[in-house]
Every structure is written in structure tokens, then in C-alpha cells.
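Derivation of every value follows stated rules applied to the coordinates shown; laboratory data play no part. Note that the structure is predicted; figures quoted are calculated from it, not measured. Here Cβ is always computed from backbone atoms with ideal geometry, including for glycine, and neighbour counts include all displayed protein chains.
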Amino acid sequence: MSRISPAHALLALAVVAVWGTNFVVIREALDALPPLLLATLRFSLALVPAFLFLPRPRVALSNLAGYGLLIGAGQFGLLYIAMNGHISPGLASLVVQTQVFFTIGLAMWLTGERLQTFQLVAVLVSAAGLAVVGWHTDASTTVGGLLLVLGAAATWAGGNILTKRAGSINMVAYVVWSSAFAVPVLFLLSLALEGWDAMVAGVRQATPGVWVAVAWQSWANSLFGYAAWNWLLSRYPAATVTPLALLIPVFGMGASAIWLGEPLPAWKLVAAALVIGGLAINLWWPRSAAAAAPAAGDPVR
């Protein structure tokens, strides 16, 4: 089965919408909580009580620990710090998608594969979009914020490599149990860098809405998102499902503009078009080339 049903397409769209709009939710939670404490709470709720009901996946502890550290302390730790006044939510949702190219680079470095022409074109197109963002840094988007989100994308890519090495496993259980390694590191980093007083003050001033935001990231973004997305990937070819991920920054930038009033000047739209365009080239070029090539046994005309 390669053509996705309308019901399953809506499920995929719901996941992408949750992942994209989550950048606005993060921004709301950061109004009360220090970024590393927010990450600690997010992964704590992802771990407890779910680990009581999900058996530990059959994967090496080193793999689980590596994934937890890369995604917890790496991806979300850096992303939350960046979004705490260093980059707007909409641009963060766009820039972090460069994880695709970091994943390609890591895979090539580990396997010795060479960069193909279409991949080079895709990287250059997206890099042009990042250059547009870098050229327009200001009070809402700094060079430091851009670099932090690129760091988050790079550590996300490392997590992708570990996920691939883990093989066919229950991805929800994998995310839940890897959180056990993320939580203590994030807590210690928060304690060292943000301080006990700031941590206590953040918890005390957190409104019910802030706790809903934390729960949303843990349960909707992590558990529902991974469960639904991987269920779809188990039923359909990856080439059928993964193109919908290109809508994540669309939802992210749109939600940021609607709910937070983030402006969308022409340069942001150009940057978004270039980054998403590069991702699209990387995704669709092999499929287009395969479709254009004569099938095996067909006469060459």
C-alpha cells in the first residue's frame, strides 16, 4: 500500500500540526520556567508513569543513554535555551529542520558514502535560506540563537542515527525509557546554570496553563506524535509519509504569527521557501529520478 487513506492522512496532518505548533507552546512555557528546568520537566513527564506500563525496549543501554542525552540535553536543551529570547518560535521551527542534512552528513561520515549531486544542491539551497536568516538577525533573532538551534538540529541528527541502529523496536517505549537518562543530566545542568532559586521560583510562579504546556510537550508532542508517526511508517512506505513533515515549519511559523503576533516580512518567507525547498529537493529528487528512469526490461528509446 502506497497511497495513504484520507483518515490516515488526517492523522499524519494532526501529528505535523502538533509538532509545528509546539514551538508556540514552548514559548509560552518559557515565560515562567527556565529553559533547562522546562526540559527536565518535559522528559520527567514523558518518563513517569509511562515506564511502568511499557517494557524496556531490547536495545543496548548505551544506545538508550546516547539517545536520551542527544535528544534531551542536546536537541531540546539547546532549543529551549535558544527560544528563551534568542530566536523567534517561527524561525526556530524552520531552522531545526536542517537536522535532515546533519543526518545525511553523519550517515555519510559513518559509512563513507559520497555526497550526491542532488544532495549538494539541496544543502546549498537550504544554506541560502539560513544565510537570509543570519543576515536579518536582530533583537528577536540573534546569531547565538541561530547557532544554538543549528546545534539542536545536529544533536537531533545524532539521535536519528542511534534510532536507526536500534532497529525495529517500540519507538514510544524507546522515547520513554531514554528519558531516564535525559532527566538527571538536565536537572544537574539546570541546577548548575540556572540555580536552585530560579528553579524554585519558576515552579512557584507556573500557572495551570504552563503545566498544560509542559504536559502537551510530553504527551502530545513526544508520546502521541511518535506513536502515530511510527504507526504510519509501519503501514506505508517512508516516501509516502515523510513529505508531510515539510509542513512542520509552515505550522510553526503560522502559529507563531497568529498566536504570538510574530511578523512575517518578505525575507522570512524567502528564507522559509529556500529551506523548505532544499528539504523538498533532497526528498523528492530520488523519487523523480527513479520514476523517470526506464523500468528494468523496458526498451530504451
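Working note: Cα gyration tensor of segment 216-267, eigenvalues times five, square-rooted, sorted largest first, giving semi-axes of 27, 16, 5 Å. Remark: 193, 110 ranked as 110, 193, counting other beta-carbon atoms within 10 Å and listing the fewest first.
Could you check which residue among 186, 124, 45 shows the biggest mean-square fluctuation in a GNM of the chain with a 10 Å Cα cutoff? Taking springs between Cα atoms under 10 Å, the residue moving most is 124. Which residues in segment 71-97 place their backbone N less than 20 Å from a point set 7 Å from the Cα of residue 140 along the Cα-to-Cβ direction? The answer is 79-97. Electrostatic bookkeeping for residue 140 treats Lys and Arg as +1 and Asp and Glu as -1; over the other residues with beta carbon under 14 Å from its beta carbon, the sum is 0. When you count the other C-beta atoms within 10 angstrom of each residue and take the mean per peptide, 113-122, 23-32 line up highest first as 23-32, 113-122. The ranking of 226, 80 by Cβ neighbour count inside 10 Å, starting from the fewest, reads 226, 80. In vacuum, with every alpha carbon of segment 44-192 counted as one equal point scatterer, what does the Debye formula give for log10 I(q)/I(0) at q = 0.11, 0.13, 0.15 Å⁻¹? Two decimals, please. Scattering profile of segment 44-192, log10 relative to I(0): -0.49, -0.67, -0.85.
Taking a quarter of the surface of the Cα convex hull of the chain gives a mean projected area of 18.0 nm². Going from the residue with the fewest nearby Cβ atoms within 10 Å to the one with the most, 164, 268 rank 164, 268. If a helix is a whole DSSP H run, which ones in the chain reach 15 Å or further along their own axis (Cα) and hold a mean Kyte-Doolittle hydropathy of at least 1.6? Taking the DSSP H segments of the chain (at least 15 Å long, mean hydropathy at least 1.6), we get 35-47, 117-135, 171-193, 248-260. When only alpha carbons are used to place a centre, segment 86-143 and segment 63-83 end up 18 Å from one another.
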